[in-house]
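Read through the structure below, which is laid out as structure tokens, and then see the notes.
The values are calculated or read from the model by the stated rules, or taken from the named source; none is laboratory data. These numbers were taken from a predicted model, which means no experiment stands behind them. Positions of Cβ are generated from backbone atoms using ideal geometry, with glycine treated the same way; all protein chains shown enter the neighbour counts.
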Amino acid sequence: MHRIQVKKGDVILSDKEIGEYAYIVESGKVAVTDRASSLGSYTLGPGDMFGEYGLIEEATHYSTAVAAEDSLLVVISQSDIEEKSAIADPLLSLFLDFFMDRCHNLTLKHYGTDEQIQTFSSRRHHREKRLQTSSEELVQRFKIKDELQAALENSEFELFFQPIISLRGGFTSGFEALIRWNHPEKGLLTPYHFIDMAEQTDMIGEIGNWVFKDACLKAKEFNDQASKLRSPEVFVSVNISAKQFSEPDLVERFKTIARETDVKPDHVELEITESILMADTNGAKEMLQELKKFGFKIVLDDFGTGYSSLSYLHKFPIDKLKIDRSFTHAMLDDQDSQEIVRAIAGLSHNMNLEIVAEGIETMEQLSLYRDLDCHFGQGYLISKPLPIDQVYQILGTRMSFGEAK
Ligand code: C2E
Ligand code: CA
Ligand code: CA
């Protein structure tokens with residue numbers, strides 16, 4: 001999109017010429033003589049649009065527009081619309097394509113020359129193909145949404161728990177709850193196979209509620225068991241998708257679930273990603289403050305991968321940072337990654353934030369995190385995510401670092 005200045009008397013577009021642009025009057029006046037409109041001739045002012053046939057590929061204009069005063073115009077091109085459509089909600093793009101196609105056919109039928117009717121532009125060809133694929137995708141989405149809904153109703157989701165240990169004492173300090181889908185045909189699926197779809201089909205809200213409730217129930221059970229064993233208390237951390245923060249009643253719902261399950265809120269941690277903080281469109285900050293005030297801990301997940309603005313750490317009520325596993329993977333061979341990890345560790349100590357190091361797979365990685373005085377560690381070296389029955393065998397255990405030093 002760009003703007004142009006036109007002088008009184010300038011012809012902006014002419015009847016029968018092939019159009020490429022539509023226009024919005026920002027200031028001034030434009031006189032239009034329109035063959036396709038019952039109005040015939042009229043004058044447009046600020047905010048009015050004209051030349052919209054220009055946005056339908058290879059259609060000619062059916063009007064002539066002349067500047068009635070010196071005017072400022074916003075110019076919209078076909079590719080502007082295509083670009084915006086490509087990033088819009090798929091349903092919107094589908095409808096736009098559909099109506100463009102309809103419009104194209106109707107205008108050609110009524111006003112087009114035989115030659116125009118015969119030509120099948122590459123742009124139009126492209127759009128028709130896109131129209132077909134997006135309709136198929138949309139149908140597919142409804143199918144997946146139904147499947148996810150059925151999975152919830154049939155209790156096919158299950159939480160696995162990955163132990164998180166204290167890097168100081170080696171005790172099991174908590175667990176990250178990670179969703180799995182016991183698919184009737186495909187077997188046990190990891191979130192990689194369905195979480196994106198759950199977000200796109202708006203099922204993440206319902207699934208997220210189930211996850212949260214089950215995680216609270218388990219946090220309560222684990223701690224009851226831990227207190228019987230006289231072992232330290234444990235937390236359960238839950239992944240919250242950015243989309244869940246667009247639900248205004250999220251905070252109340254989480255509080256209600258915590259009360260109903262009788263869990264101590266400080267045994268529950270909410271893992272969020274930066275995208276929630278970056279958008280902050282729906283008052284995420286206030287929601288996080290409320291959640292924290294209630295007693296839940298707020299953990300910033302995958303730290304270091306995104307924009308990682310340090311200002312978030314001041315602005316938002318964060319208790320813990322999780323260093324992304326890509327740093328753990330790279331830090332022993334790549335000096336830059338190691339420096340970043342050191343900087344994050346130093347900063348967190350200064351800001352009284354706790355750190356969880358993710359994706360620890362080797363003793364060398366574990367030792368380095370211990371040297372950097374990071375608080376918690378998680379990864380395959382310590383344990384893979386476990387089904388619930390195996391969690392009870394881990395509760396109260398302690399990892400020995402003897403061989404690491
Ligand atoms: P995440 O939050 O970064 O979770 C950690 C992922 O790393 C888990 O994958 C875990 O199995 C894997 N992992 C743990 N230790 C290691 C290690 O040492 N090496 C490697 N290579 N990987 C390790 P998982 O369970 O497949 O989950 C993938 C992602 O799905 C999670 O990434 C999280 O973003 C999302 N997710 C999982 N459960 C939920 C949920 O209940 N709700 C939402 N919204 N997202 C979830
Ligand atoms: Ca996580
Ligand atoms: Ca993570």
- Please enumerate the residues belonging to the range 353-367 that are surrounded by fewer than 20 Cβ atoms within 10 Å (Cβ to Cβ) and more than 15 Å from residue 322 (Cβ to Cβ). 361, 362, 363, 364, 367
- Selection over the range 314-327 where residues are away from ligand 3 (no atom under 16 Å from the Cβ) and either crowded, with 19+ Cβ neighbours inside 10 Å or farther than 17 Å from residue 290 by Cα (or both) yields a count of 1
- Only one residue in 195, 204 is out of contact with any Cys (no Cβ under 6 Å at 6 or more places or on another chain), within 16 Å of ligand 3 (Cβ to nearest atom), in the same structural domain as residue 355 (by TED's automatic domain parsing) and closer than 23 Å to residue 274 by Cβ, so which one is that? 195
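Tell me, yes or no, whether the range 262-282 has at least one residue that is under 25 Å from residue 337 (Cα atoms), within 15 Å of ligand 1 (Cβ to nearest atom) and charged (D, E, K, R). It would help to see each step written out before you state the result.
Looking only at the range 262-282, we keep the residues that are under 25 Å from residue 337 (Cα atoms), and these are 271-278.
Keeping just the survivors that are within 15 Å of ligand 1 (Cβ to nearest atom) gives 271-276.
If we keep only those that are charged (D, E, K, R) too, we end up with 271, 274.
Yes - at least one qualifying residue is present in the range 262-282.
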- Query: If we keep just the residues of the range 295-311 that are closer than 26 Å to residue 336 by Cβ and modelled with pLDDT of 80 or more, which is nearest to ligand 2 (Cβ to nearest atom)?
  - Reply: 301
- Item | Scan of the range 247-286 for residues that are more than 16 Å from ligand 2 (Cβ to nearest atom) and at pLDDT below 95, ordered by number | 247, 248, 249, 278, 279, 280, 281, 282, 283, 284, 285, 286
- Which one of the conditions (1) surrounded by fewer than 17 Cβ atoms within 10 Å (Cβ to Cβ); (2) part of a helix (DSSP H, G or I); (3) more than 10 Å from ligand 1 (Cβ to nearest atom); (4) under 22 Å from the mean Cα position of the chain (by Cα) does residue 248 fail to meet, given that it meets all the rest? (2)
- Note on the structure: By residue number, the members of the range 319-333 that are within 14 Å of ligand 2 (Cβ to nearest atom) and in contact with a strand residue (DSSP E or B) (Cβ under 7 Å, 6 or more places away or on another chain) are 320, 321, 322, 323, 324, 328
- Message: Being within 9 Å of ligand 1 (Cβ to nearest atom), closer than 28 Å to residue 165 by Cα and either surrounded by 17 or more Cβ atoms within 10 Å (Cβ to Cβ) or among the polar types (S, T, N, Q) (or both) is the requirement here; does residue 240 meet it?
- Response: yes
- Taking residue 226 as meeting all but one of (1) touching a residue at least 12 places away in the same chain (Cβ under 8 Å); (2) part of a loop (DSSP other than H, G, I, E, B), write down the number of the exception. (2)
- If you take just the helices (runs of 4 or more DSSP H) that sit entirely in the range 252-335, which of them hold at least 1 residues that are free of Cβ contacts under 8 Å to residues at least 12 places away in the same chain? 284-294, 311-315, 325-330
- Item | Residue among 332, 386 that alone is within 12 Å of ligand 1 (Cβ to nearest atom) and either farther than 30 Å from residue 279 by Cα or modelled with pLDDT of 95 or more (or both) | 386
